[in-house]
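Asks: Got a structure for you, questions after.
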Amino acid sequence: MSQEVMDSYDEFLELELEDADSLISHETGEGHHSTLDRRLYFRELLRLQAELVKLQDWVQFTKEKVVIVFEGRDSAGKGGVIKRITQRLNPRVVRVAALPAPNDRERTQWYFQRYVSHLPAGGEIVLFDRSWYNRAGVEHVMGFCTDEEYEEFFRSAPEFERMLVRSGIRLLKYWFSISDGEQHSRFLSRIHDPLKQWKFSPMDLQSRVRWEAYTKAKEVMLERTHIEEAPWWVVQAVDKKRARLNCISHILESLPYTEVERPEVILPERTRHPDYVRHPIPEAMYVPERY
């Protein structure tokens, strides 16, 4: 039992390694380091994850439908908070929708169509790692949509979201906010760290060049899609650890979940048959034990 607990803690340590910015900080002198006490961070994260399990049980039991949208600049920390949310949860109940660029067929569809297919059924939570708001951000800034399509998005998005809410979906929208300098530091970290280079894309280069254009697009987006039925919530994300705790805490406070009583689980005795003999496995089939 104690070994299971230690293995669980090791998972935390593995995840937190991605926050180790010592390489880039040493080279540039830049980058933000959390002032949050590490023990406090882990204690609160464990507590909040235990509450997320209760939320998951409540969603399953009541057949609620929950959609949580995570938006923000490249490297703002959306993926990090999504990982901490899903770390202890059942992927059959809580799933992540991170859609790639639309293919040729999807470009001819109603804009929201490809997102609709990922919406939850009763008893499910869907986390959108970027969402239909791509049109208000990257598509607009990079010229991937026309001005007419951009304006139509702002006419349609509020009505689309009101429709979702009327259908019984609980919709939360988060924008992760970081500074110019912090994004610069995180991009350098991705460039120099072999474990993070896969996160870097040509679009990231353009997001640096077009920082002000993205800022203006964000301001218009928040102004035109901040509606009573589905308001925007801004997460201060320069400090990754605080951002994760604050976002998860807000999600829990925003949903009226209650603890669902679980039936007591009694582990049954294994059935043994005296005439059963376990067949040996050929040595060649074993994975070499290098560690």
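The values are calculated or read from the model by the stated rules, or taken from the named source; none is laboratory data. Keep in mind the model is a prediction, meaning the values are calculated, not measured. Neighbour counts run over all protein chains shown; Cβ positions are idealised from the backbone, glycine included. To get the accessible areas, we keep the full protein, side chains included, count just its heavy atoms, and leave off ligands, DNA and RNA. Shrake-Rupley method; radii C 1.70, N 1.55, O 1.52, S 1.80 Å.
Asks: If I model a spin label as a point 7 Å beyond the Cα along the Cα-Cβ vector, how far apart are those points for Val93 and Leu40 in nm?
Replies: Each label point lies 7 Å from its Cα, and together they span 3.1 nm.
Asks: Over the chain, with every protein chain in place, what whole percent of the accessible area is carbon and sulfur at 1.4 Å, could you tell me?
Replies: On the way: 9720 of 17950 Å².
Using a 1.4 Å probe with all protein chains present, the chain comes out at 54 percent carbon and sulfur.
Asks: Now, a different point. Among the DSSP beta bridges whose two residues both lie in the chain, what percent are antiparallel, rounded to the nearest 5?
Replies: Around 0 percent antiparallel, to the nearest 5.
Asks: How large is the accessible surface per residue of the chain, computed with a 1.4 Å probe and reported in Å² as a whole number?
Replies: Numbers: 17950 Å² over 291 residues.
Heavy-atom accessible area per residue stands at 62 Å².
Asks: Round to the nearest 10 and give me the degree value, 0 to 90, for the angle of helix 211-225's Cα axis relative to the longest principal axis of the chain.
Replies: Approximately 80 degrees, to the nearest ten.
Asks: Identify the chymotrypsin sites (Phe, Trp or Tyr not before Pro) of the stretch 64-113 meeting these criteria: DSSP loop state and at most 11 other C-beta atoms within 10 Å of the C-beta.
Replies: Passing both the DSSP loop test and the Cβ count: Trp110.
Asks: What residue among His226, His273, His192 has the largest mean-square fluctuation in a Gaussian network model of the chain, using Cα springs under 10 Å?
Replies: Result for the chain, Cα springs under 10 Å: His273 fluctuates most.
Asks: Here is a further query. Could you please state, rounded to a whole Å, how far the C-alpha centre of the stretch 82-154 is from the C-alpha centre of the stretch 208-268?
Replies: Here the answer is 16 Å between Cα centres.
Asks: Under 1.5 on a/c is rounded, so check that first for the stretch 158-280, then, if it is not, pick prolate when a/b is larger than b/c and oblate when it is not; a ≥ b ≥ c are the square roots of the alpha carbon gyration tensor eigenvalues. Walk me through the numbers on the way to the answer.
Replies: Values: a/c = 2.92, a/b = 1.53, b/c = 1.92.
Judged from the Cα gyration tensor, the stretch 158-280 comes out oblate (a/c at least 1.5, b/c at or above a/b).
Asks: Of the GluC sites (Glu not before Pro) in the stretch 198-243, which ones lie in a loop per DSSP and count no more than 13 other C-beta atoms within 10 Å?
Replies: Here the sparse-neighbourhood loop sites are Glu228, Glu229.
Asks: Across the chain, how many lysine pairs separated by 8 or more positions, or lying on different chains, have Cα atoms within less than 19 Å?
Replies: Close lysine pairs found across the chain: 21.
Asks: Apply 1/(1 + (r/R0)^6) to the Cβ-Cβ distance of Asp180 and Val265, taking R0 = 51 Å, and write down the FRET efficiency to the nearest 0.05.
Replies: Taking R0 as 51 Å, the efficiency between Asp180 and Val265 is 0.50.
Asks: When mean projected area of the Cα convex hull in nm² is calculated directly from the model, which label among (1) 21.7; (2) 14.6; (3) 13.0 fits?
Replies: Computed from the coordinates, mean projected area of the Cα convex hull in nm² corresponds to (1).
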